[in-house]
Amino acid sequence: MSLFRAETRRLTKRRFTRFFVLGTLLVLAAIVVGMFVTNQTVTPERQAQAQAEADRNYQLALQSAAEEKTRCQAAQGTAEAANYPPNCDEVYQPTTEDYQAQWYMPATFIFREQFGIMVTTLAALLAVMAFVIGATFVGAEWSSGGMMNLLLWRPQRLKVLSTKLGALLVGLIALTVVVSAIWTGLFALTANLRGSLDGMTSGAWQSFLLMELRGLVLVLAAGALGFGLASIGRHTAMALGAAIGAVILFQFGLATVLSLAKTPFVEAYLVPVWTSAWMDKSAVVTDWESCNYSSTQGCEPDTFTITWPMAGGVLALVLVLVVGASMWTIRSRDIT
């Protein structure tokens with residue numbers, strides 16, 4: 001049996017892998033069901049109901065305003081006059097713009113406007129899954145001694161580790177592509193039955209396809225990152241500990257320190273912003289401490305745009321460092 005086939009079999013046969021994938025799929029299924037149940041199709045009858053409800057609330061507001069004006073006029077010359085404006089004509093009068101029918105419509109799934117958020121959600125959940133599976137795939141073998149036995153069979157350290165990483169990435173590609181296709185189909189069905197597919201031109205479909213490809217890259221990067229960290233520490237806990245430490249120290253701690261120091265563009269130091277820039281093609285961060293004054297716009301803060309090539313470059317750099325370090329350590333350190 002070839003080394004790649006053996007590693008692929010080992011990955012797919014692990015109970016942890018199967019259960020974690022199943023758990024992730026159940027979470028995704030719950031999201032789809034929730035979106036289907038909570039959205040409704042906008043029909044002419046429902047639009048008429050919303051308009052009637054808006055008109056009814058508008059009439060109630062008019063009645064309430066008239067009563068308030070009457071109380072204002074009756075209070076003139078008494079101690080209660082202080083609770084009202086000097087001129088009772090200044091009492092708030094509702095307008096039809098305050099009671100628009102669209103505000104009384106049920107939630108409806110507009111595919112072109114809302115599916116992008118669903119793609120990001122899918123990528124985030126699959127990335128977490130990939131990180132944990134990647135870490136446990138190699139970390140469990142280091143801690144159990146399985147890696148030493150494998151190297152006795154194939155005493156080629158770099159080849160063994162790179163093949164194991166390759167099997168992980170191929171498995172993640174297959175899973176992500178299949179799940180993404182089903183995800184897209186289910187939400188297209190949801191939009192067809194509980195919303196709208198209007199505006200979905202070939203360009204719009206292509207844009208979502210490219211977004212899903214960026215999501216695939218994010219999943220692969222997360223898997224490789226978890227794999228590399230666990231390989232460096234030779235234990236699953238190394239990768240999970242590094243992830244927890246990064247969240248606590250570099251996200252909450254660093255953000256707090258930078259905010260207290262009034263550092264410009266604090267959000268640019270946070271991982272979620274760079275992830276958003278990668279998935280959405282750009283992300284704008286604002287320096288709220290700055291002020292560019294103009295007579296027409298007033299005080300405008302400075303902004304900084306993070307583009308997806310910038311985010312991709314940072315992601316590639318982190319991967320090269322972590323995966324490269326894992327390859328260097330297995331080549332230079334003792335196996336035991």
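State which residue pairs qualify: first residue modelled with pLDDT under 95 and inside segment 32-45, second residue among the aliphatic types (A, V, I, L, M) in any location, beta carbons under 6 Å apart, and separation of 6 or more residues or different chains. Cβ pairs passing all conditions: Thr38/Ala107; Asn39/Ala107.
Scanning segment 1-19 for residues that are without any contact (Cβ under 8 Å) to a residue 24 or more places away in the chain and part of a loop (DSSP other than H, G, I, E, B) yields Met1, Ser2. A residue that is of a type outside the set (Asp, Glu), closer than 30 Å to Ala140 by Cβ and assigned to a helix (DSSP H, G or I) can be found somewhere in segment 30-42.
Counting only residues that are within 18 Å of Leu165 (Cβ to Cβ), of a type in the set (S, T, N, Q) and surrounded by fewer than 16 Cβ atoms within 10 Å (Cβ to Cβ), segment 1-39 holds 2 of them. Scanning segment 40-53 for residues that are closer than 17 Å to Ala107 by Cβ and surrounded by 15 or more Cβ atoms within 10 Å (Cβ to Cβ) yields Gln40, Val42, Arg46, Gln49, Ala50, Glu53.
Scanning segment 244-265 turns up at least one residue that is part of a helix (DSSP H, G or I), of a type in the set (Ser, Thr, Tyr) and in contact with a helix residue (DSSP H, G or I) (Cβ under 6 Å, 6 or more places away or on another chain). For Ala237, the criteria (1) in contact with a helix residue (DSSP H, G or I) (Cβ under 7 Å, 6 or more places away or on another chain); (2) touching a residue at least 40 places away in the same chain (Cβ under 8 Å); (3) not polar (S, T, N, Q) hold in every case but one, which is (1).
Residue-level check: of (1) under 27 Å from the mean Cα position of the chain (by Cα); (2) under 30 Å from Val179 (Cα atoms), Val42 misses just (1). The residue that is modelled with the lowest pLDDT, among those in segment 59-80 that are out of contact with any Cys (no Cβ under 8 Å at 6 or more places or on another chain) and surrounded by 13 or more Cβ atoms within 10 Å (Cβ to Cβ), is Ala75.
The values are calculated or read from the model by the stated rules, or taken from the named source; none is laboratory data. In this text, all values refer to a predicted model and were calculated from it rather than measured experimentally. Cβ atoms come from the backbone with ideal geometry, glycine included; neighbour counts cover every protein chain shown.
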